[in-house]
Structures are given as structure tokens and as C-alpha cells.
Amino acid sequence: MMARKRFEIDGEYIPEGTPLYFLDLINYREVSNAIAELFNVHHESPQLLLIKNGECVYETSHGEISAEELAEQIT
């Protein structure tokens, strides 16, 4: 929830219209496993993935998650 809070506070950095999805992957491990396999990433929690054109082009986790950094990666 801490990562989600950061996005609620720092949301002005994210370009308008950018779809954000917050998934509870601890309670839905099968979804987490499918995402990890599909995008070839190791599951972390919390974790941020940037998906462009069906590929994971940026990923980070825990204290490294930043709305400002994500905005830079998007543009």
C-alpha cells in the first residue's frame, strides 16, 4: 500500500490519460506468476512494471518506486 500511496501523492508527475493498474499479487499469486512469466520479470512486492507495446520496458520495486521516475520513463 505504501507504493500506491506514493502514486496518490505524486500523481501529478504521471502524464494525463496514462492507465495505472494496482494489482494485489500477494493474494492472487497465480496472476503474479502469469505476469512474471509473460513479461520475463521476477515477482517482487511492491513492484512497478511499465508495459509498452506488450513488452516490459522498465521495472523496479520496493523503495525505488517513484512516480517521478515512472513519468520520465514514459516520456
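The values are calculated or read from the model by the stated rules, or taken from the named source; none is laboratory data. Bear in mind the structure is a predicted one, so any value in this text is a computation, not a measurement. With ideal geometry, Cβ positions are generated from the backbone for all residues, glycine too; neighbour counts draw on all protein chains shown. For accessibility, only protein heavy atoms count, side chains too; no ligands or nucleic acids. Shrake-Rupley method; radii C 1.70, N 1.55, O 1.52, S 1.80 Å.
Some points to look at:
- Extreme residue, positive dipole direction of region 1-69, given options 38, 17, 65 (C-beta unit charges): 38
- When the Gaussian network model of the chain links Cα atoms closer than 10 Å, the mean-square fluctuations of 16, 55, 44 top out at 16.
- Accessible-area composition of the chain, carbon plus sulfur, in percent [1.4 Å probe]: 50
- For the chain, a simple Cβ point-charge model (Lys and Arg +1, Asp and Glu -1, everything else neutral) yields a dipole of about 200 debye relative to the Cα centre.
- Gaussian network model of the chain, Cα within-10 Å springs - most flexible of 21, 13, 58: 21
- A 1.4 Å probe run over the protein chains yields, for region 5-75, 73 Å² of accessible area per residue, whole-number rounding.
- All other residues whose Cβ lies under 11 angstrom from that of residue 73 are scored, Lys and Arg at +1 and Asp and Glu at -1, for a net of -3.
- Overall dimensions of the chain as given by Cα atoms, namely Rg and Dmax in Å: 12.1, 32
- The angle between the Cα long axis of helix 29-39 and the main principal axis of the chain comes to about 70°, on a 0 to 90 degree scale.
- Comparing 25, 38, 50 in a Gaussian network model of the chain, where Cα atoms under 10 Å apart are tied by springs, the biggest mean-square fluctuation is seen for 38.
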